[in-house]
Every structure is written in structure tokens, then in C-alpha cells.
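Okay, structure first, notes after.
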Amino acid sequence: MKLRSFVLALLLLAAFAFSKTITVGTSADFPPFEYIENGRFVGFDMDLMREIAKIAGFELKFVDMSFDSLIPALRAGQIDVVAAAMTITEERKQVVDFSIPYWTADQSVIVRADSNLTITVLFGKYKIGVQTGTTGDLWCTDELVSKGILPERNLKRYDTFILALSDLLNGNIDAIVLDSPVASRFAATKPVKVVGIIVTGEQYGIAVRKGNKELLNAINNALKQIIESGKMSELIDKYF
């Protein structure tokens, strides 16, 4: 009887392990993955986190911040999770733990819709915009600036892609390098166009603090259920 009560207690503890509020950090300027509409956090990642929360049994609180502030905030305990179309890299894996991958993407180059520029915009004395800390930033730094192809002063880093897009449309920069799904969304809704693809094959993951195995396991188990149930396909159809 005592053993049965103990097992029951463990089951109840597991069931309510995440019956608390999880703070999710994101950078809500990255449609269709995360953005704010009518004061509400929406997008593929936001809906995915809501589905994960339903399965894992916790409440969510979303916090918006600049992309390059997300990992420091996670490590400092200010947030519990990062859901922000974050690419899984070896460097990031040294300081945070990632879920199983849930998305694969490349990089795109966008210019103004009325521009005659092509992908060769990357290899001249043009001004290129990126969001600080993103794959686009890292790729341009490693492949263009470090190799002397693009002057350092011509790589313009922004806290958000909205600021970069504004500068592009105003003629202050000539192109932006960003994740392909977001580039396609901008091309469909703004006067810009995609002129090239940089194949990077990056994979997105949900990040938690290093060593937080309980939360990571809950997220991974929920992701597997979402994929197997077909819910992931529904979200893809909704946003892409």
C-alpha cells in the first residue's frame, strides 16, 4: 500500500511538474515565426509553444527582446525558454541546451522591389543589413568581411529586422541577408524582392538553460507528439 501511494505521488508530481508559468523569450520582429498583431504574440513559433504548453501542462508568458539579448537573458534566469527561430550552432550549444530541430532554412538576400541589384550586391561596395547575432550576421562576417570582400563599415547591424527593413526601403542600405522563410514573407507583403539564396541548411531549435533536462525533455516529448499527430503540418500550412 505504501509503495502504491509512493508511485501515485510520483505520478502526480510528474503530472504537475510543469503546472507553472514558463517565461518564453522571443524577438517578435520575425514574421511568420514571431511577431505582434493587435497586441498579441503570434506566428509559427508562438503557436508551436502554445501546443507544447498544452501537452506539457504549463502556462506561458511571452517576453519580447532583441535577438542578441535572448541567450544572456536565458543564462541569467530572466526567461526559461527561447523560441525565436534560433539556429542550432556548436557555439550556442556550449552555453544552452537545444530541443530536437523543428525547422530547416537557408539565407536569402532581399533588395528593394524597384532595384536592379542582384546577388552580386554582396560582392561590391554596397551596404548590407543584418540583425545582430543572427546567421545572416555570422555568415556575412565570416564569408564577406573576414575575407576582405565587404568592408566592415558596410555591414550594418540592427537590433531588429524591422529597423533593417525600414532602412532598406528608405535607401540607407542596399540589401538585407536574412532567413529564407522570413525573406519570402517580406517579399509577399512589402515592396522588396528576393534576389538570391545562400544555402546554409541551418536548423532551428528551442533553447533552455544548460542542464535543465526536465524542461528540455518535456519540450522534446511534446514536439514529437506534435509531429506524429500531424499538428506540425497544420501549423506549417497555416503560416507557410
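The values are calculated or read from the model by the stated rules, or taken from the named source; none is laboratory data. The structure displayed is predicted, hence computed values, not measured ones. All Cβ positions, glycine included, derive from the backbone under ideal geometry; neighbour counts span all protein chains shown.
Details
- Test result for Asp137, buried (at least 17 other Cβ atoms within 10 Å of the Cβ), closer than 30 Å to Ile149 by Cβ and out of contact with any Cys (no Cβ under 6 Å at 6 or more places or on another chain): yes
- Only listed residue being in the same structural domain as Arg50 (by TED's automatic domain parsing), touching a residue at least 60 places away in the same chain (Cβ under 8 Å) and not in a strand (DSSP E or B), chosen from Ile71, Ile79: Ile71
- Flag if Ser184 is closer than 21 Å to Phe44 by Cα and in contact with a Ser or Thr (Cβ under 9 Å, 6 or more places away or on another chain): yes
- Only listed residue being crowded, with 20+ Cβ neighbours inside 10 Å, aliphatic (A, V, I, L, M) and either outside the structural domain of Asp45 (by TED's automatic domain parsing) or assigned to a loop (DSSP other than H, G, I, E, B) (or both), chosen from Val194, Val109: Val109
- Residue within the stretch 225-232 that is surrounded by 17 or more Cβ atoms within 10 Å (Cβ to Cβ) and outside the structural domain of Gly57 (by TED's automatic domain parsing) present: no
- Residues in the stretch 190-230 that are farther than 18 Å from Ala105 by Cβ and of a type in the set (D, E, K, R): Lys190, Lys193, Arg209, Lys210, Lys213, Glu214, Lys224, Glu228.
- Condition check for Lys213: farther than 21 Å from Met46 by Cβ, at pLDDT 95 or above, surrounded by fewer than 17 Cβ atoms within 10 Å (Cβ to Cβ) and in the same structural domain as Lys54 (by TED's automatic domain parsing): yes
- Residue in the stretch 202-212 that is of a type in the set (S, T, N, Q) and over 30 Å from Val95 (Cα atoms) present: no
- Selection from the stretch 167-180 of residues that are surrounded by 21 or more Cβ atoms within 10 Å (Cβ to Cβ) and either of a type in the set (Val, Ile, Thr) or under 12 Å from Phe33 (Cβ atoms) (or both): Ile173, Ile176, Val177, Leu178, Asp179
- Among the residues of the stretch 59-71, not a single one is of a type in the set (Ser, Thr, Tyr) and touching a Gly at 6+ places or on another chain (Cβ under 6 Å).
- Enumeration of residues in the stretch 158-191 that are small (Gly, Ala, Ser) and not in a loop (DSSP other than H, G, I, E, B): Ala164, Ser166, Ala175, Ser180, Ala183, Ser184, Ala187, Ala188
- Some residue of the stretch 35-52 being of a type in the set (Lys, Arg), part of a helix (DSSP H, G or I), modelled with pLDDT of 95 or more and under 29 Å from Lys127 (Cα atoms): no
- Of the residues making up the stretch 90-106, those that are within 19 Å of Val199 (Cβ to Cβ) and either in contact (Cβ under 8 Å) with a residue 12 or more places away in the chain or not assigned by TED's automatic domain parsing to the domain that holds Glu51 (or both) number 5.
- Residue check for Gly25: at pLDDT 95 or above and either in a helix (DSSP H, G or I) or out of contact with any Asp or Glu (no Cβ under 7 Å at 6 or more places or on another chain) (or both): yes
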